[in-house]
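I have placed the structure first, in the form of structure tokens, so that the comments after it can refer back to it.
The values are calculated or read from the model by the stated rules, or taken from the named source; none is laboratory data. Because the structure is a prediction, the values reported are computed rather than measured. Glycine also receives a Cβ, built like all others from the backbone with ideal geometry; neighbour counts cover every protein chain displayed. Protein only, heavy atoms only, side chains kept; ligands, DNA and RNA dropped before computing areas. Shrake-Rupley method; radii C 1.70, N 1.55, O 1.52, S 1.80 Å.
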Amino acid sequence: MDPRISRVTLRVRGYHLDGYGHVNNARYLEFLEEGRWGYFDDRPDLARHFASGDPALVAVNLNINYRQAAVAGDDLEVLTRIADLSSRSARMYQEIRRIGDGKQIADADLTFVLLDVRAKQAMAIEGEILQALEPLVLPKAS
């Protein structure tokens, strides 16, 4: 797997399910969040820029496509990468796939900005943070 992609695995449990016996749509957001945390866990040199909480990474848009239902006992992998980077925002592309058959369960694009917490406003992605993010970009089409 490309080193710019992070992989987190999880098992679907009964408490993830809705009344229809498949994963509740809101739980997929938690799975994606777990993937994003894993992405930064795998990249401590990048994560150190955000360890103090200022600047903060703030999600400003999330678009998710539900492709197929996951059910109790399914083992899933969440694949996360930075797909696009500009001077004001970045976009992460994430996929949830079933381990075993590789079927795509969901995919999502999450746009984030850097927030200057003290000033309470978005800030430019530049300097050391830009240098840390640039080599990690892997466009969605790849």
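Only one entry in Ala70, Ala108 is over 17 Å from the mean Cα position of the chain (by Cα) and modelled with pLDDT of 95 or more, namely Ala70.
Just one of the numbered conditions (1) under 18 Å from the mean Cα position of the chain (by Cα); (2) at pLDDT 95 or above; (3) surrounded by fewer than 15 Cβ atoms within 10 Å (Cβ to Cβ); (4) over 25 Å from Asn25 (Cβ atoms) is not true of Gln131; which one? So the condition that Gln131 fails would be (1).
Annotation: of all residues in region 87-99 being assigned to a strand (DSSP E or B) and open to solvent by 50 Å² or more (accessible area, probe 1.4 Å), the one that is nearest to Arg11 (Cα to Cα) is Arg97.
For region 1-16, the set of residues classified as under 17 Å from Gly73 (Cα atoms) and either exposed (fewer than 12 other Cβ atoms within 10 Å of the Cβ) or modelled with pLDDT of 95 or more (or both) consists of Val8, Thr9, Leu10, Arg11, Val12, Arg13, Gly14, Tyr15, listed by residue number.
Determine, yes or no, whether Gly53 is among the small types (Gly, Ala, Ser), within 10 Å of the chain's Cα centre (by Cα) and open to solvent by less than 70 Å² (accessible area, probe 1.4 Å). No: the conditions fail for Gly53.
Within region 111-128, does at least one residue satisfy the condition of being in contact with a helix residue (DSSP H, G or I) (Cβ under 8 Å, 6 or more places away or on another chain), open to solvent by 20 Å² or more (accessible area, probe 1.4 Å) and touching a residue at least 24 places away in the same chain (Cβ under 8 Å)?
There is at least one residue in region 111-128 that is in contact with a helix residue (DSSP H, G or I) (Cβ under 8 Å, 6 or more places away or on another chain), open to solvent by 20 Å² or more (accessible area, probe 1.4 Å) and touching a residue at least 24 places away in the same chain (Cβ under 8 Å).
With the condition kept exactly as written, say whether any residue in region 100-121 is on the phi < 0 side of the Ramachandran plot, small (Gly, Ala, Ser) and not in a strand (DSSP E or B). Checked against the condition, which is being on the phi < 0 side of the Ramachandran plot, small (Gly, Ala, Ser) and not in a strand (DSSP E or B), region 100-121 yields at least one hit.
Within region 20-37, not a single residue is open to solvent by 40 Å² or more (accessible area, probe 1.4 Å), part of a loop (DSSP other than H, G, I, E, B) and among the charged types (D, E, K, R).
Do we have Leu62 as surrounded by 17 or more Cβ atoms within 10 Å (Cβ to Cβ) and of a type outside the set (Val, Ile, Thr) here?
So Leu62 fails the test.
Can you pull out the residues in region 68-86 that are in contact (Cβ under 8 Å) with a residue 40 or more places away in the chain, surrounded by fewer than 22 Cβ atoms within 10 Å (Cβ to Cβ) and in a loop (DSSP other than H, G, I, E, B)? Once the filter is applied, which keeps residues that are in contact (Cβ under 8 Å) with a residue 40 or more places away in the chain, surrounded by fewer than 22 Cβ atoms within 10 Å (Cβ to Cβ) and in a loop (DSSP other than H, G, I, E, B), region 68-86 yields Ala69, Val71, Ala72, Gly73, Asp74.
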